[in-house]
Amino acid sequence: MKTSRQPVQTPLALPLIGFARSCTPRRLKNPGLWTPALAALIFGALTFAGCTTTPVPSDPITTGCSVSATEFDGWFESGAVSLNGVAKPANSVTFSNSPNCDFYKWSEQMYVWVTSPAPPTYGGGAHIFDSAAFFDVSPPDSMGHRTLIPHTAGLIRNLGLRAAQAGAHDLPVIFDKEGRMFEIENPKLGPNNKPLILNEKNEQVEIEHIRIGEDKKPIFLDKTGNVIQRARPIIPAELTQSRIVQKFVVDSIPVFLDPFGNVIEMDQGQAQDRGVLEAVNGSLVYYATMVNDVWAYFVTGTKNGGILPAPTQFPTTQTQLNQVINFAAAHGKTFPDPEALAIELKTAWVEASGVPNLNTYITMTASIPTYDKTNPDHWVPGPSKTVQLAMVGMHVVGSTAGHPEMVWATFEHKANTPNDSYEYVSTSGTKTVNPDFSLAYLFCAANPDPTHLNDQHMIFNSPNIDNVPPFHNTPSNTIRRKAWGGAFNASPNPLDANTAASNSEIISINNNVRGMLDTADVRNNYLFTGATWTIGGAAPTGSFPSGNEVGTSKLENTTMETYQQGSNKMFNTGANCFSCHLSNNVHVSHMFTPVQPLF
């Protein structure tokens, strides 16, 4: 495997100090020479020997966001940093609600906490997210219901592929050529099982055929062969002011219409809503959702009448938390760390077999589906198999004081993808970092075709996996469009004059936290790429500066929102978490409605 190069913008050349092929630097023989500052410098200045990793600049200004050594020690149960040490959750009840750095510190501490080894107070487990303090959320059953699965000794999780991405109205989402997100509602069907559409008289007419006119616009025909004039989809009145489209497929021609009958053009390779992602090593990406005990008992008490009056928002205060604690205690449950408030984790995994430097990944054993690939463009399900998986991405979502809409933070393994070009403010001025495509990442082959980055190759047509023409069922090449969660041409929050300043905050706290973790700690190998929330905890209205979604307001995870990033790094393309979780009430979590109470 090639050895990665230093980013061209880094002015300082450092020698490798006993770097292992595991991508983790070894301790110096004289540990007294190893300091947090030196660790941060090496972490930022170099990609590690023996594998490709996303370069992190070593010289951002640090005034934006940092954690002191004393404060970082306080994150750990023992009061000091140690190899794979057990961390405590951030206290979400007393959260200072002071942007931006406190939100980023909250995100980092929560990540270090949930990925800690589970102590006896949690009932043990490889990680706290594996412990009895968390529950798995099952895939939906035939009725759309989900259940909370307790973590018990020897539990083998059943992971599935990405479900259809749901929007604010729990409908699948899709992106047009301009990068705008729409939700898809299925058209009504007529007596002959053909899609219905409105004509110029507001009559419902079945579509028999679609043809494309000389002006490239679709022409809808009824069963007599007559043109349906002023064709418009039948969309409920309450949805007509939203970004809703209906998809009509007749004679193999797909057409997307908005509520007014306008044709919405979808970008080839980025137009589907059930994208399947495959790593370069040939593994599909599998997904799991987990919630903590506070979340589980809050939802149970809200739904079965145990907490009255029924809350309309996730808990953010001690009074609200006490209601959940008392309800849980009445049913024999005590929370080890209730001050974490309600936490939801979304995780992405690949098969460990064939992953370089596996010891740099958080792993688990789980059952995953297999597919018969006899037809290379139409895979059909086979038997499940139990394998070791490696974690490649994690969303950490949680309620805090003042923020019922929840803080949405995300983390990725440093070997996932290259970053698109971005700027940051260094100690010597603003610098630009460009992607290096000469090296292979887990989700991007070396020297990819730059015109086909983030093109979707595969779609989940339950229960099968089909190709998205003109591509075949093969790995696509993925890039992180908004490198640290901000669009290139628009500041993502009101406290930063530009995106370069915001990027510096995220880069700084990455170097800061990972520089103080033990260098052999597996948690060192995941990058914090940003966090998003709304001003004052209000319902989301859009990405800053046009809306109230701030922090890193164009934040996406390349393993979970791969095809929702937009076609470029600019503000007018792509989405963020709130594009689909458009609320500050309990429905901000798409799990709230389908999840059944524990009892």
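The values are calculated or read from the model by the stated rules, or taken from the named source; none is laboratory data. From a predicted model like this one, the values you see are computed outputs, not experimental measurements. Quick reminder, even Gly has a Cβ in these numbers, built from the backbone with ideal geometry, and neighbours come from all protein chains shown.
Here are some notes:
- Test for V397: is it part of a strand (DSSP E or B), among the hydrophobic types (A, V, I, L, M, F, W, C) and surrounded by fewer than 19 Cβ atoms within 10 Å (Cβ to Cβ): no
- Residues in the stretch 338-354 that are more than 18 Å from D136 (Cβ to Cβ) and crowded, with 19+ Cβ neighbours inside 10 Å: P338, L341, V350, E351.
- Hits in the stretch 425-442 - residues which are small (G, A, S), more than 15 Å from E505 (Cβ to Cβ) and outside any loop (DSSP other than H, G, I, E, B): G429
- Residue match in the stretch 386-395 (condition: assigned by TED's automatic domain parsing to the domain that holds T319, in contact with a Phe, Trp or Tyr (Cβ under 7 Å, 6 or more places away or on another chain), closer than 28 Å to T152 by Cα and among the polar types (S, T, N, Q)): no
- Selection status of F592, surrounded by fewer than 24 Cβ atoms within 10 Å (Cβ to Cβ), within 25 Å of W295 (Cβ to Cβ) and either aromatic (F, W, Y) or touching a Pro at 6+ places or on another chain (Cβ under 6 Å) (or both): yes
- Output for the stretch 577-599, where each listed residue is in contact with a Phe, Trp or Tyr (Cβ under 8 Å, 6 or more places away or on another chain) and either outside any loop (DSSP other than H, G, I, E, B) or not small (G, A, S) (or both): C577, F578, H581, V586, V588, L598
- If you check A446, A440, A401 for being more than 20 Å from the chain's Cα centre (by Cα) and closer than 30 Å to F314 by Cα, only one passes: A401.
- Test result for A80, part of a loop (DSSP other than H, G, I, E, B), over 16 Å from N510 (Cα atoms), hydrophobic (A, V, I, L, M, F, W, C) and without any contact (Cβ under 8 Å) to a residue 12 or more places away in the chain: yes
- Residue list for the stretch 129-144, filter: closer than 22 Å to M560 by Cα and of a type outside the set (D, E, K, R): F129, F134, F135, V137, S138, P139, P140, G144
- For the stretch 326-356, a residue qualifies if it is on the phi > 0 side of the Ramachandran plot and either within 20 Å of the chain's Cα centre (by Cα) or modelled with pLDDT of 95 or more (or both), and the qualifying residues are G332, L341.
Listed here are the residues, each with its yes/no results for (1) on the phi < 0 side of the Ramachandran plot; (2) assigned to a strand (DSSP E or B); (3) crowded, with 23+ Cβ neighbours inside 10 Å.
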position: N510; (1), (2), (3): yes, no, yes
position: P540; (1), (2), (3): yes, no, yes
position: V550; (1), (2), (3): yes, yes, yes
position: E556; (1), (2), (3): yes, no, yes
position: T559; (1), (2), (3): yes, no, yes
position: G566; (1), (2), (3): no, no, yes
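- Any hit, the stretch 306-316, residues being closer than 22 Å to V396 by Cα, under 22 Å from the mean Cα position of the chain (by Cα) and surrounded by 24 or more Cβ atoms within 10 Å (Cβ to Cβ): yes
- Of all residues in the stretch 111-129, exactly one satisfies the criterion of being more than 19 Å from Y297 (Cβ to Cβ) and touching a Leu at 6+ places or on another chain (Cβ under 9 Å), namely V112.
Yes/no matrix, rows are residues, columns are (1) over 30 Å from G398 (Cα atoms); (2) within 36 Å of the chain's Cα centre (by Cα); (3) at pLDDT below 95:
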{"site": "F220", "(1), (2), (3)": "yes, no, yes"}
{"site": "A237", "(1), (2), (3)": "yes, yes, yes"}
{"site": "S242", "(1), (2), (3)": "no, yes, yes"}
{"site": "G261", "(1), (2), (3)": "yes, yes, yes"}
{"site": "Q268", "(1), (2), (3)": "yes, yes, yes"}
{"site": "V276", "(1), (2), (3)": "no, yes, yes"}
{"site": "N281", "(1), (2), (3)": "yes, yes, yes"}
{"site": "N292", "(1), (2), (3)": "no, yes, no"}
{"site": "W295", "(1), (2), (3)": "no, yes, no"}
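- Picking from residues in the stretch 427-445 that are modelled with pLDDT under 95, hydrophobic (A, V, I, L, M, F, W, C) and more than 30 Å from G382 (Cβ to Cβ), the one that is surrounded by the fewest Cβ atoms within 10 Å (Cβ to Cβ) is F437.
- All positions within the stretch 98-139 that are assigned to a loop (DSSP other than H, G, I, E, B) and among the aliphatic types (A, V, I, L, M): A118, A126, A132, A133
- When G574, G547, G530, G542 are checked against the criterion of being touching a Gly at 6+ places or on another chain (Cβ under 6 Å) and over 28 Å from P140 (Cβ atoms), a single residue qualifies: G530.
- Listed conditions (1) free of Cβ contacts under 8 Å to residues at least 24 places away in the same chain; (2) farther than 24 Å from E405 by Cα; (3) outside the structural domain of A401 (by TED's automatic domain parsing) are all met by D102, apart from (2).
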